[in-house]
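As structure tokens, the structure follows; a few thoughts come after it.
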Amino acid sequence: MSLKSSKNVETNVWELEISISGEKFEEAIQKAYLKARKNIAVHGFRKGKAPRTFIEKMYGEGVFYEDALEILYPEAVEEAVKEANLDIVAAPYDLDVPEMGKDGVVLKLKVTVKPEVELGEYKGLKAEKKSVRVTADEVKAELNRMLEQNARLVTVEDRAAQKDDITVIDFEGFVDGVAFDGGKGESYELTLGSGQFIPGFEDQIIGHKTGEEFDINVTFPQEYQEPLAGKDAVFKIKLHEIKVKELPELDDEFVKDISDKDTVDDLKKDIKSHISESKKAAAEEEATNALLEMVANGIKAEIPAAMIEKKIDDNLNEFAYRLQAQGLKFEDYLKYTGMELETLRDNYRDQAEHQVKLDLAIEKIIEVENIEVSDDELEEELKKIAEAYGMELEEVKKAIPAETMKPELAARKAVKLIVDSAEYVAPAKKTAAKKAAAKKDEAPAEEK
């Protein structure tokens, strides 16, 4: 197999002419015959035992040509693309076979290649980076979350149910005196005011005491599923128990129980530190994303539509994988949401275009800056992965080939170059009124 010619016929499109020798084609024909003969019956021979010459006489000399070409095609195209030194971004198209016979095959096809890229500015860019301050309210909110997490449920005996109580109920719903599917539950824990049930249901439990049996009347919303949409219903309720959350006391003993700190003040400082680190990381990520967007938008390139479509495919496949991890099929997601596949693809289009631009920009920066990844750097990264996943280094090396990991590490170096060379500025000043309000809200915890 050899490349007869390659020529640039339009922007980002090359036409290749590939020659396959008669000898190579004959080998493929024989493979196609051996694969197909078991399903071919010829008079005078047992099924699957007919010689090739008899089959060719019966069905024509070219009976196995198409199958033989299918065998050779992937390798022929791969070799031709490599010989032409092209970086293709989509499957070949416009296949033409002007010659195919005992003397060999000639193929003509077109391939889409990566575009030429002209970089814009990527060093010394200017980006906003927010300053990080932790408010007393943020620390308080985290403390409250810890208290809620460690709350215990206490049964209430001496009063009626109130909003925010946790009630344990039996219920059964009826429409026109007939019980309906899905309308029954036993010992169900329902927090009053949570909105778990249809409007009016929880409100009518308020005011009742443990042990009471009573009816509540509700109307299903018009947008509810059929056949209950818009229907009046009666639920028979038995209230078994009323419970409330009892929060622990915020004191040094509580702190020692839930953390490695000794005092409430120590815990507050630790919480503040963690929130600060989280905010710093978020501010860094936001600034980095802004820089990368500038770099992506700064390139000049005629991007083939095939690259964007492929990126959309990749994103949808990743989305489908996440759905599957949650036990939901992609097809069912489309069905439940009523969304057409093309609509979903369009929703991903802007994101995909940005990703393609950024990928092209990073690749060009790696080329221009002669960024390389040493074997020692690769080894160090693989060690980190092995440690993070509790695996042996050799296992990781088998799972992640160097040719996969090195481009990823080179891309990280390119991003680091962009980030390290950038100039960071504070966000634009707010108006006097907004500034005063923000100053009050953002006062450090120790100042409030």
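The values are calculated or read from the model by the stated rules, or taken from the named source; none is laboratory data. As the structure is a prediction and not an experimental result, all values here were calculated from the model. Quick reminder, even Gly has a Cβ in these numbers, built from the backbone with ideal geometry, and neighbours come from all protein chains shown. Quick note on the areas: whole protein, heavy atoms, side chains included, nothing else; ligands and nucleic acids left out. Shrake-Rupley method; radii C 1.70, N 1.55, O 1.52, S 1.80 Å.
For this structure, a couple of remarks:
- Within segment 41-81, being part of a helix (DSSP H, G or I), under 51 Å from the mean Cα position of the chain (by Cα) and among the β-branched types (Val, Ile, Thr) holds for Ile71, Val77, Val81.
- Residue match in segment 293-302 (condition: among the polar types (S, T, N, Q) and open to solvent by less than 50 Å² (accessible area, probe 1.4 Å)): no
- In segment 177-192, the residues that are surrounded by 11 or more Cβ atoms within 10 Å (Cβ to Cβ), closer than 11 Å to Thr167 by Cβ and of a type outside the set (D, E, K, R): Tyr188, Leu190, Thr191, Leu192
- Yes/no for Gln324 being free of Cβ contacts under 8 Å to residues at least 40 places away in the same chain and closer than 30 Å to Ala422 by Cβ: no
- Failed condition for Ala233, given (1) buried (at least 17 other Cβ atoms within 10 Å of the Cβ); (2) within 27 Å of Leu153 (Cα to Cα); (3) touching a residue at least 60 places away in the same chain (Cβ under 8 Å); (4) not hydroxyl-bearing (Ser, Thr, Tyr): (2)
- Among residues of segment 398-408 being surrounded by fewer than 17 Cβ atoms within 10 Å (Cβ to Cβ) and assigned to a helix (DSSP H, G or I), the one that is nearest to the chain's Cα centre (by Cα) is Glu408.
- Among the residues making up segment 116-140, a single one is open to solvent by 30 Å² or more (accessible area, probe 1.4 Å), modelled with pLDDT of 95 or more, touching a Lys or Arg at 6+ places or on another chain (Cβ under 6 Å) and not in a strand (DSSP E or B): Leu119.
- Every pair of residues 6+ apart whose Cβ atoms lie under 8 Å, when the first sits in segment 397-417 and is more than 17 Å from Thr288 (Cβ to Cβ) while the second is among the small types (Gly, Ala, Ser) and surrounded by 17 or more Cβ atoms within 10 Å (Cβ to Cβ): none
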